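Worksheet: the structure to be examined is printed underneath.
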Amino acid sequence: MWSVSDDALLAGLGTGDPEAASAFVRRFQRRVFGLAMTIVGEARAAEDVAQEAFLRAWRHAGAYDPRRGTVITWLLTITRNLAIDSVRVRRPLPLDPDAILGLDLGGRERLPDELATLRDDTDRLSAAMARLPAEQRRALVLSGLLGLTAREVGEREGIPLGTAKTRIRTGLLRLRAALVSEERAE
Amino acid sequence: MLTCAEVRDLAPELALGVLGGAERAETLAHVDDCVQCRSLVGELTDAGELLPLLSREAEPPSGFEDRVLAAVGGGRKRGRLRWLAVVAATAAAAAIVSVATVRVVDRGRDDDRAAAVSPVSEVNSAPMVGAGGANVGWAFASDGRPSAVGISVGYVLPPGSYTIKAISATGATVRLGTMQVTDGYGVWTGTTKASDDGLAVISLVDAAGREVCQASLI
């Protein structure tokens, strides 16, 4: 079952196939739960978020469009949105973006060979993030990962709204430029 | 109507799914009509959607997989019944108000449901889309006047009362009523005589005036 593509597993999950559902959960549960933990910061709430994310994936498997991204980015987007909603209800202040990113650039565990492409994508992203100025990297983590608006980023970082917007926009554009540049170089 | 410069200012937050309320609606309206801004938002979204990959993996608690699989098995019946209940209620209301049989046309799915005989009153359905493009529920509306409307939300929306706003195909805005959300779930059905030309958009607005999700029925 581990050799089955992510897309095929998701399709199987959508049809309610128990074997596909089990394999899908096993393949992605560490990433989904890890992202939920990163955002909500508490195991019980993170488990609720992760469980709901898999339920959403099952319910809306038919809405997944492979032309718009990979299964893992789709699933993590669902997880992120659920986690942000959970945090907004329970906890107003986000975690420290340095604590999230600083520990993760290069310290990733080895993944199964079947996920080599994902590992490469993640490594490329980590490398591109590491090359950004620290203030842009922090703004991207606060907004893109933890779901803060530009105004909230400004308040969190003690900078004007316009500066927060500039950091997010510039960081995002540089990140994309770096990733596109690497893709073309391959 | 926002200018391109204003949309470029808001595009990163739109792409990251953190833009809310009126700004989000206005930006989306501009992006729909502007190829350049749509392209920019698309590029920013492509990059932003990768950011969650940066989070560390973590081992979920013991038994997590079993609990998820049990929820998937148990959720199937619950979710389908909830969905079907709202469809049925909307269809029933449509049948009453139009004295017609009903055909349900589900946008986003391939299959038509509930076969019908002429004359036919269609019940259009579409996902309610919230922040970040996540599906938060479904909206249903029959054609004709009055139009039957049903909304089902099964998502982690904060509990509370939400105003149901609709925009007709010609752009007229009407308030349909209020929906109570409890434990992330809410259901509302009713009818409106607001429009001869059908409803184009149905949205939920929270107490602070922020549009939290919307469905495009046309």
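The values are calculated or read from the model by the stated rules, or taken from the named source; none is laboratory data. Keep in mind the model is a prediction, meaning the values are calculated, not measured. All Cβ positions, glycine included, derive from the backbone under ideal geometry; neighbour counts span all protein chains shown.
Would you point out the residue of region A:61-74, among those that are within 9 Å of another protein chain (Cβ to nearest Cβ) and assigned to a helix (DSSP H, G or I), that is nearest to B:GLY48 (Cα to Cα)?
Only one residue tops the list, namely A:THR73.
Just to be sure before I move on: is A:ALA21 more than 10 Å from chain B (Cβ to nearest Cβ) and either within 18 Å of B:GLU57 (Cα to Cα) or at pLDDT 85 or above (or both) in the structure I sent?
Details: more than 10 Å from chain B (Cβ to nearest Cβ): no; either within 18 Å of B:GLU57 (Cα to Cα) or at pLDDT 85 or above (or both): yes.
No, not satisfied.
Determine which single condition A:LEU95 fails, assuming it passes every other condition in (1) more than 12 Å from the chain's Cα centre (by Cα); (2) hydrophobic (A, V, I, L, M, F, W, C); (3) modelled with pLDDT of 90 or more; (4) surrounded by 15 or more Cβ atoms within 10 Å (Cβ to Cβ).
(3)
Matching residues to (1) surrounded by fewer than 19 Cβ atoms within 10 Å (Cβ to Cβ); (2) under 17 Å from the mean Cα position of the chain (by Cα):
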{"site": "B:ILE164", "(1), (2)": "no, yes"}
{"site": "B:ILE167", "(1), (2)": "no, yes"}
{"site": "B:VAL181", "(1), (2)": "no, yes"}
{"site": "B:VAL187", "(1), (2)": "yes, yes"}
{"site": "B:THR192", "(1), (2)": "no, no"}
{"site": "B:ALA207", "(1), (2)": "yes, no"}
{"site": "B:ALA215", "(1), (2)": "no, yes"}
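Answer yes or no: is there a residue in region A:114-126 that is modelled with pLDDT of 80 or more, under 20 Å from B:VAL136 (Cβ atoms) and among the small types (Gly, Ala, Ser).
Looking through region A:114-126, none of the residues is modelled with pLDDT of 80 or more, under 20 Å from B:VAL136 (Cβ atoms) and among the small types (Gly, Ala, Ser).
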